[in-house]
1. Within the stretch A:79-132, restricting attention to residues that are charged (D, E, K, R) and more than 9 Å from chain B (Cβ to nearest Cβ), which residue is surrounded by the fewest Cβ atoms within 10 Å (Cβ to Cβ)?
2. Let me confirm something: among B:SER134, B:SER154, which residue is more than 14 Å from chain A (Cβ to nearest Cβ) and either closer than 17 Å to B:HIS55 by Cα or among the hydroxyl-bearing types (Ser, Thr, Tyr) (or both)?
3. Condition (residue is crowded, with 18+ Cβ neighbours inside 10 Å, small (Gly, Ala, Ser) and more than 13 Å from chain B (Cβ to nearest Cβ)) applied to the stretch A:140-148: is it met by at least one residue?
4. Looking only at the stretch A:28-51, how many residues end up being among the basic types (Lys, Arg) and either modelled with pLDDT under 80 or not in a helix (DSSP H, G or I) (or both)?
5. Among the numbered criteria (1) in a loop (DSSP other than H, G, I, E, B); (2) away from every other protein chain (no Cβ under 14 Å); (3) closer than 15 Å to B:CYS15 by Cβ, which single criterion is violated by B:ALA124?
6. Go through (1) outside any loop (DSSP other than H, G, I, E, B); (2) buried (at least 23 other Cβ atoms within 10 Å of the Cβ); (3) in contact with a Ser or Thr (Cβ under 6 Å, 6 or more places away or on another chain) and name the single condition B:SER67 misses.
7. Can you name every residue in the stretch B:96-150 that is at pLDDT below 90 and not small (Gly, Ala, Ser)?
8. So A:ILE230 clears everything in (1) within 24 Å of A:THR73 (Cβ to Cβ); (2) in a helix (DSSP H, G or I) except one condition, right? Which one?
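The values are calculated or read from the model by the stated rules, or taken from the named source; none is laboratory data. None of these values were measured; they are calculated from a predicted model. Positions of Cβ are generated from backbone atoms using ideal geometry, with glycine treated the same way; all protein chains shown enter the neighbour counts.
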Amino acid sequence: MAALDPQAKRRTFERLANVREIVFGIQDGVLTTAGVLAGLSGAVAQRSQVILAALASTAAGALSMGAGAYLGTRAETRILRSEMRRVRQESQGQPYVVQESLLAALAKEGLSREAGYRIVQLLSAAPQALYNTAEEKIYGLAGATFGNPLSDGLLMGVAFLLGALVPLLPFMLVASLRLGLIAGLATTAIVLFAVGYAFEGRLSDQRYPAVAGLRFLGIAMGAAAIGYVIGLLIAPLGAVPAG
Amino acid sequence: MLKPGDAAPAFDLPCAFDDKLSHLSLSGIRSEMVVLFFYPRDFSFICPTEVIGFHKARAAFNAEHTSIVGVSVDDAESHRRWARELGGLGFPLLADAGGNLAREYGVFDAAEGTALRATFILDAKRLVAYAVASPVNVGRSVSETLRVVRALRSGKLCPADWVPGADASPADPD
């Protein structure tokens, strides 16, 4: 049996924390671009114009999503760190309260009061360990809670870009506009299924990963279909009256 | 919560004292006065400061013919281990498992399932002479409890912050 390497495990957990950005970016890139291709294919006659618009949409989307993820994570991290500093300052002024709260948290996890007391007492010999443990057990705050704005932004942008290529590449490679669109939508469905299958089904050890793939595909395509129907419903509102 | 003048509910409960398990009843306490202090739990980080405080001041309470009894909802074995953890205590800890005694004294915190941090001083007739409750996160003042015992035993009207040796009027504090 391979020895457990805590550092390797920690790195794995940190990488897995970025699944959200990857899945979000791919799904958004795939659907946004497929939507642009489908929408413009009906309205614009020239295939090159559709491709140009889709490329522009991809570039803008990747930058926007990347910047959004960067700014979002940055704001979240700053707020959390500031709150954590405040909690730490308060805790240092009231060590008894921290000890009692940690004791209660350990008791809730099934430790006897006496065992919890001894653990808290041992931790109290190293205040840094006491406060770190208290923050994790009492407030659910831990180092892994904080994302990295730069990596989150880059991952989101690149994932969006890769997702956008899924319907765009077949569309560009197939000469016929109609067949290109069908090929693009087909690869979109396949990749959405694959993302759900891999990230939600396989990585989380689900019994039936195919169900996870179908669920992901259904939710993503369902959202796109609802958006399309809403577009059809509100289209008459923007129509210019004849005469 | 009981108030001064109320009869103190009797008890006969398991206790830990001197690293042994036994029973203690209110009627079995022969001292003139009794300090009965409720505290939330054994093995906590606020309680020991006052439990140890009472232990350190036990000679002064003895000199006032006053017994000290601690009470919590923990069982007697827990009390014994807790007292040992604290280096031994010079007074018994009553095991009010279930909190019935705390309920009778009106100091049971149903939400926490523990007693409030409350102190009762019982007089020679085992009537409540003094009662006070503190927030759970604030420890009591042992010296204040001792001051009140002395004031009660003086039999005089004692002004604010009275201490032994200060003037006290038998009739009118003004």
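1. Taking the stretch A:79-132 first, the residues charged (D, E, K, R) are A:81, A:83, A:85-86, A:88, A:90, A:100, A:108-109, A:113-114, A:118.
Still in the running and more than 9 Å from chain B (Cβ to nearest Cβ): A:81, A:83, A:85-86, A:88, A:90, A:108-109.
Values: A:ARG81: 13, A:GLU83: 12, A:ARG85: 10, A:ARG86: 10, A:ARG88: 16, A:GLU90: 11, A:LYS108: 10, A:GLU109: 8.
Among them, the one singled out is A:GLU109.
2. Details: B:SER134 fails: more than 14 Å from chain A (Cβ to nearest Cβ).
Going through B:SER134, B:SER154 in turn, the sole match is B:SER154.
3. At the first step, the residues of the stretch A:140-148 found to be crowded, with 18+ Cβ neighbours inside 10 Å are A:141, A:147.
Those left that are additionally small (Gly, Ala, Ser): A:147.
Keeping just the survivors that are more than 13 Å from chain B (Cβ to nearest Cβ) gives A:147.
Yes.
4. Filtering the stretch A:28-51 down to residues among the basic types (Lys, Arg) leaves A:47.
Next cut, either modelled with pLDDT under 80 or not in a helix (DSSP H, G or I) (or both) only: none.
Of the residues in the stretch A:28-51, 0 are among the basic types (Lys, Arg) and either modelled with pLDDT under 80 or not in a helix (DSSP H, G or I) (or both).
5. All conditions pass for B:ALA124, except number (3).
6. For B:SER67, the exception is condition (2).
7. Those that are at pLDDT below 90 and not small (Gly, Ala, Ser): B:GLU112, B:PRO135, B:VAL136, B:ASN137, B:VAL138, B:ARG140.
8. With respect to (1) within 24 Å of A:THR73 (Cβ to Cβ); (2) in a helix (DSSP H, G or I), A:ILE230 is out only on (1).
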